[in-house]
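The values are calculated or read from the model by the stated rules, or taken from the named source; none is laboratory data. None of these values were measured; they are calculated from a predicted model. Every residue, glycine as well, gets a Cβ built from its backbone with ideal geometry; the counts of neighbours run over all protein chains shown.
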Amino acid sequence: MHTILASLVIAATSLAASPQDTPAIQPAPTKAPAKAADAGGNAKLASMIGETLEDKSGKSFKTADVLKGKKHVLLYFSAGWCPPCRAFTPDLVKFAKANADAKDFAIIFVSSDRSKEAQMEYLKKYKMPFYTIPFGSPGNRNVKSAYAGGGIPNLVVLDDDGNALMGSYETDGKYTPKNRKSYVGPQKVLAAFPKMRTKTGPKG
């Protein structure tokens, strides 16, 4: 009798699943966060900016959607309190409106205004058809740290890998933002941009 009971205990013990045999409980699937790679070749810039951009009305847009497929991005470092900026801005607005249907580039205003209200007022007053980085966001600081020069206005042309091809500070054909003496102004950059677009094959 004892022998039979012992056999039953041994059999029951051998049937118990060991930890490694127990299927792991899988967590419920969660929605993957939006990746900067969704912006295509502009992933580096999208990562710096953050998830959203705005227009002059304050409407939000997904950064990845704005940058998707763009061969170039023009960063416009400017502020409403800056007289030279106010002098140049109408020319950039005119260019943007003349190319409103273009799909190969985007213009992003990187503000140095002192308040959200001042930033939006500047956009509205000059009817800028640009996107802008939200005031006070980490994206504004990130982009300035990576691409800004020693002063404004500064227009910088990026390729879709985030490389600065040309800007308002230039030495021997290269963008030299840290050298204040190399300032050539935004007009030279804007004048050169149409030819740069042609070389990369603009769409739209």
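What the table below lists for this structure:
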item: Qualifying helices (runs of 4 or more DSSP H) (wholly inside the range 1-85; at least 3 residues being at pLDDT 95 or above); result: 43-49, 63-67
item: Residues (under 18 Å from residue 187 (Cβ atoms) and small (Gly, Ala, Ser)) located in the range 80-127; result: 87, 96, 98
item: Pair list, Cβ < 6 Å and 6+ apart or interchain, from the range 57-71 residues that are closer than 18 Å to residue 162 by Cα to residues that are among the hydroxyl-bearing types (Ser, Thr, Tyr) and modelled with pLDDT under 95; result: 71/200
item: The range 113-128, residues that are crowded, with 16+ Cβ neighbours inside 10 Å and closer than 17 Å to residue 53 by Cβ; result: 113, 119, 120, 122, 123, 128
item: Test result for residue 155, in a strand (DSSP E or B) and in contact with a strand residue (DSSP E or B) (Cβ under 7 Å, 6 or more places away or on another chain); result: yes
item: Check on residue 148, closer than 27 Å to residue 178 by Cα, modelled with pLDDT of 95 or more and either surrounded by 15 or more Cβ atoms within 10 Å (Cβ to Cβ) or not aliphatic (A, V, I, L, M) (or both); result: yes
item: Qualifying residues in the range 169-204 (those that are in contact with a helix residue (DSSP H, G or I) (Cβ under 7 Å, 6 or more places away or on another chain) and either more than 22 Å from residue 89 (Cβ to Cβ) or at pLDDT below 95 (or both)) - the one surrounded by the fewest Cβ atoms within 10 Å (Cβ to Cβ); result: 171
